[in-house]
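Bear in mind that the values in this text are calculations on the coordinates, not laboratory data. As the structure is a computational prediction, the values presented were derived from the model and not from experiment. All Cβ positions, glycine included, derive from the backbone under ideal geometry; neighbour counts span all protein chains shown.
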Protein chains: 2
Amino acid sequence: MHFTSDFTSDSSADFTPDSSADSSAGFTPGAAPDASPPAVTQRGFVLDGVPGVLWQPAGSSLRARPLVLLGHGGGQHKLGPGVVERAHRCVTRYGWAAVSLDAPGHGERERTAQDERFATEIGQLLAAGRPISAWVARHTAALAERAVPEWRAVLDALEEEADGELGPVGYWGLSLGSVIGIPLAAADSRIAAAVFGLTGHASQVEAARRVGVPVEFLIQWDDELVPREGALAVFGALGSAEKTLHANPGGHLAVPDFELDSSESFLLRRLGRKAGADG
Amino acid sequence: MHFTSDFTSDSSADFTPDSSADSSAGFTPGAAPDASPPAVTQRGFVLDGVPGVLWQPAGSSLRARPLVLLGHGGGQHKLGPGVVERAHRCVTRYGWAAVSLDAPGHGERERTAQDERFATEIGQLLAAGRPISAWVARHTAALAERAVPEWRAVLDALEEEADGELGPVGYWGLSLGSVIGIPLAAADSRIAAAVFGLTGHASQVEAARRVGVPVEFLIQWDDELVPREGALAVFGALGSAEKTLHANPGGHLAVPDFELDSSESFLLRRLGRKAGADG
């Protein structure tokens, strides 16, 4: 895999990519669990035209290390603030590697005419108070068809980067991140556990049935973008023997912080490893 | 409050009430959080004809100590194995006191003709594969009408026992424990947080609306006794600004152990205190 950028930040400070080209002060190989968290190395890459970012403990190898795929939400991108914060927590709290990609039509990627139309029309529909869920589902399903093979190609490249020994792979992505993640987890047996949610349309049910790994699924009870019935139906359809639904009051963007903690604990139980053992 | 029995068991051993009339070996006042858990004192009482049990760290006072009300399930009683295990965890892991009562028609209490009829008929209906939820709801709603004032009288007595300074009060009860707990939490402002679940009937919606405290609510996705729609409606109706729904696959009796851990963490965040600080 060819990396287009590479820098290391002291993760115990705020994450400020511009200010710290190489400061690994916080990284102590083989440190005890309570030691300072490791510094984080962030590397950009482009694979077959898809820009992505890989985070890992500074100076560490990908070999046998748990890896979390971070799928961003609609309108976001691979370096959106939520994604970057989550990636840093993966590395510094749990000793995982993390990777994100720009979804089709997002971030640095070219927008097709259809992407442009979507971005314009969704604003108009929302402003007019029109129901958008079926329309969003149709558009994002088309994005997912393009995104699934892209994620699988990135997994292939990272597997090579890890000398053929990828650690357990988790997926974390809500909303658009789940529209893409559900068919990805259905298609790729390397994914061992997933956090999904804020999504639910009949078109996702068939892929959900083919998901067999443990899933934590988030619903916002008053989600203005996702009909509750549709979200419950997707959870119900998941083929996983182990699946757990967490629902909380509030709208699409109001997922409580404790659910983000919970989804990390969920992944930790399935993927293993904790910060402090990162050498 | 007049206690009818009193014994202390070393909680680090298995709980065997008969074998240890007074062994407080495990109790170290003012011990650090990692020290042995406190011994547990269990005292029986009868209040206005209602038999109950109070658990607390040996040698401790109720004053300002978090108290968890444990509501048992249908067909169980104040000293059912699940209740006793939960009570011991409350004391040894979190430093709480815990109390349970025999619900009307349960445990040591006299059964009315109606109670007898219920116990006979539910077996017949289940054996015949007949739907029972409306019928169970009607009967248990009648039990709850009797049980709510009983719990409130016990809270009054425990408040006196605590010299007027009860600590924060939590409620934990599923199934019948929720049929009683929901109207109790709606009626008594001393209850500060509650774990409910495995219940859901239209007759509970009105009381649920009047509940205002944080709630964690458990649903079993394939519950053979509780229709999923009814359970979701009761969760939706809860008036609480903070409420969180956890749903898992499986039947009425298959609540995963990790949910019991989760409900304790939930109560800990609301009630405070941890084992080790019990002097």
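Take B:D156, push a point 7 Å out from Cα through the beta-carbon direction, and compare it with the same point in every other copy: 7.5 nm, smallest first. For A:A193, the residues whose amide H sits under 5 Å from its own are A:Y171, ignoring neighbours fewer than 5 places away on the same chain, with H placed 1.01 Å from N. Summary of the geometry: the range B:91-143 and the range A:122-174, compared by the centres of their Cα atoms, lie 48 Å apart.
Within 10 Å of each Cβ in B:242-254, how many Cβ atoms from other chains are there, averaged over the peptide?
Numbers: counts 4, 4, 9, 7, 6, 10, 4, 9, 1, 0, 0, 0, 0.
Average per residue, whole number: 4.
In order along the range B:205-213, phi translates into HN-Hα couplings of 5, 5, 5, 4, 4, 8, 7, x, 8 Hz, rounded to whole numbers, per the Karplus curve 6.51 cos²θ - 1.76 cosθ + 1.60 with θ = phi - 60° and x for Gly and Pro. Remark on B:D6: its backbone amide H falls under 5 Å from those of B:G44, a criterion applied only to residues 5 or more positions apart or on other chains, H modelled at 1.01 Å from N. Just add up the charged neighbours of B:E116: K/R +1, D/E -1, any other residue whose Cβ is under 15 Å from the Cβ of B:E116. My count for the surroundings of B:E116 gives 0. Calculated mean residue ellipticity at 222 nm for chain B: -11500 deg cm²/dmol, from DSSP H runs with n ≥ 4 weighted as -39500 (n - 2.57), summed, divided by the residue count and rounded to 500. Could you give the DSSP H helices of chain B that reach 20 angstrom or more along their long axis (alpha carbon positions) and whose average Kyte-Doolittle hydropathy is no lower than -0.5? Passing helices, by number: B:113-127, B:133-161, B:257-271. Using only Cα positions of the range B:33-88, each an equal point scatterer, no hydration layer, compute I(q)/I(0) via Debye at q = 0.15, 0.23 Å⁻¹ and quote the log10 values to two decimals. At q = 0.15, 0.23 Å⁻¹ the computed log10 ratios are -0.51, -1.07. Summary for B:D257: label point 7 Å along Cα→Cβ; distances to the equivalent points in the other copies, ascending, 3.1 nm. Each residue of the range A:42-52 was assigned a 3J(HN,Hα) from its phi angle through the Karplus expression (A = 6.51, B = -1.76, C = 1.60, θ = phi - 60°), giving 10, 10, x, 8, 10, 10, 6, x, 9, x, x Hz with x at Gly and Pro. Shape index of the protein assembly as shown: Rg/Rh, with Rg the Cα radius of gyration and Rh the Kirkwood radius from the inverse mean 1/r over Cα pairs, equals 1.03.
For A:A127, inter-copy separations between label points set 7 Å beyond Cα along the Cβ vector come to 6.9 nm, shortest first. Name the residue farthest towards the positive end of the dipole of chain A from the options A:G251, A:F3, A:G52, assuming +1 on Cβ of Lys and Arg, -1 on Cβ of Asp and Glu, about the Cα centre. Comparing the listed Cα positions along the dipole, A:G251 ranks first. Amide hydrogen proximity for A:S175: with H placed 1.01 Å from N in the peptide plane, the residues at 5 or more positions away or on another chain lying under 5 Å are A:G197, A:L198, A:T199.
Note on B:V46 and A:A187: their simple-model spin labels are 7.0 nm apart, each label 7 Å out from Cα toward Cβ.
Rounded to the nearest angstrom and listed largest first, the equivalent-ellipsoid semi-axes of chain B from its Cα gyration tensor are 30, 21, 18.
Of all beta-carbon atoms in chain A, the one sitting closest to the axis that brings chain A onto chain B gives A:H246, 3, with the distance in whole angstrom. So which aspartates and glutamates can A:K274 reach, going by Cα to Cα under 13 Å and dropping same-chain residues fewer than 8 places off? A:K274 reaches A:D34, A:E264.
Among the DSSP beta bridges whose two residues both lie in the protein assembly as shown, what percent are antiparallel, rounded to the nearest 5? Spell out each step's value before the answer.
Values: 41 of 89 bridges.
Bridges in the protein assembly as shown are about 45 percent antiparallel.
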